[in-house]
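Quick one: the structure is below, and I'll ask about it shortly.
The values are calculated or read from the model by the stated rules, or taken from the named source; none is laboratory data. Since we're looking at a predicted model, the values are computed, not measured. Glycine gets a Cβ as well: all are built from the backbone with ideal geometry, and neighbour counts include every protein chain shown. Only protein heavy atoms, including side chains, enter the accessible area calculation; ligands, DNA and RNA are left aside. Shrake-Rupley method; radii C 1.70, N 1.55, O 1.52, S 1.80 Å.
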Amino acid sequence: MLSRYSLTLLLLVGVLPTSLLSAQSSEQLQVGPPPLHRADPPAARATAEQLEESGDQLRVDKNFLDAVDYYEAALKKSANNATLLNKIGICQLMMQRYKEAKKSFERAIKADRQHADAYNNLGVIYYQGKNYNKAIKQYEKAIALRDDAASYFSNRGAAYFGKKQFDKAAFDYSKAMSIDPDIFERVSRAGVMAQLPSPEDRAHYDYVLAKLYAKMGVPDRSLHYLKKAMEEGYKDINNVYKDNEFTGLRKDPRFGELMASKPPAIQD
């Protein structure tokens, strides 16, 4: 189960910045106006709990700028509240304000050294900057505090994948899926894709997921990612005939049909 206030990296870092809007051509970007306040200012008499609840709803509505105002108003009435600081950081990250978000997560950690989500979310900041070693250190701190959060392992796996340490990445992905089998289906893979510059790495990523789903006995998902790996030109696709994880899948008639069809590689 994903922690409510933990950032799932696969969902976040692949999102188009909120300040960019599509122009008439799908291959062009147009700078949009900065985010505007859409909610009324926080009420002075509201309690910290009421302000936090309003901030949560604004965040659900993706009104991140106003959510920050409400969280900060709550923070004035509940100083050094690590949960509020972490939520502020999440909103800042979603608005692409990475430096501000980093400071908020660091403040949350300083306020509560046991706040696992804040370590995880700080790791997302480092991953976004492709500083994989620092990201891994933060994820490891989060895992040391909580080893039942699938997103922590998934995030660390993505960082290992960025370092091309594929065995370690596969181990973490497997752990994440054992905690939450639907983690890769519920969120976009665009976050990892954004960090994998070469088609070969993207194809390898899909092959790893195909192998993991085959090992878990989920043939539909395994075949889906196997097809994507083939479409992305995975060079070692014939390993599917000898990797033990695919032993059961090789008995599925759809596997034979897929391999016989040899989906053509799709060029970028």
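What is the gain in length, in nm to one decimal, between Leu36 and Glu100 on full extension, counting 0.36 nm per residue of separation less the C-alpha to C-alpha distance?
21.2 nm
State, to one decimal in nm, how far the label point of Ser261 lies from the label point of Lys76, with both points 7 Å from Cα in the Cβ direction.
Inter-label distance under the simple model: 6.0 nm.
Another one. Between Thr47 and Glu140, what is the label-to-label distance in nm when each label sits 7 Å out along the Cα-to-Cβ direction?
So the two model labels end up 4.3 nm from each other.
Hey, with R₀ at 35 Å, roughly what FRET efficiency would Ile237 and Lys62 work out to, going by the Cβ-Cβ distance, to 0.05?
Once rounded, the FRET efficiency stands at 0.30.
In the structure displayed, which of Lys99/Lys163; Lys134/Lys163; Lys215/Lys262; Lys87/Lys163; Lys103/Lys164; Lys87/Lys134 lie more than 18 Å apart, Cα to Cα?
Over 18 Å apart, Cα to Cα: Lys99/Lys163; Lys215/Lys262; Lys87/Lys163; Lys103/Lys164; Lys87/Lys134.
Which value, in debye to the nearest 20, gives the size of the charge dipole of the stretch 97-137 about its Cα centre, when Lys and Arg are +1 and Asp and Glu are -1 at the Cβ?
200 debye
Using 0.36 nm per residue, how much length does the chain from Phe166 to Lys251 gain when fully extended, once their Cα-Cα distance is taken away?
Full-extension gain reported as 28.0 nm.
How much area per residue is accessible in the stretch 60-164 when the probe is 1.4 Å and only protein heavy atoms are counted (Å²)?
On a per-residue basis, the stretch 60-164 sits at 42 Å².
Right, next: What percentage of the solvent-accessible surface of the stretch 195-268, computed with a 1.4 Å probe over protein heavy atoms, is contributed by carbon and sulfur atoms?
Heavy-atom surface of the stretch 195-268 belonging to carbon and sulfur, 1.4 Å probe: 50 percent.
Something else: Dipole magnitude of the stretch 46-109 about its Cα centre, charges +1 at Lys/Arg Cβ and -1 at Asp/Glu Cβ only, in debye to the nearest 20?
Computed about the Cα centre, the dipole is about 360 debye.
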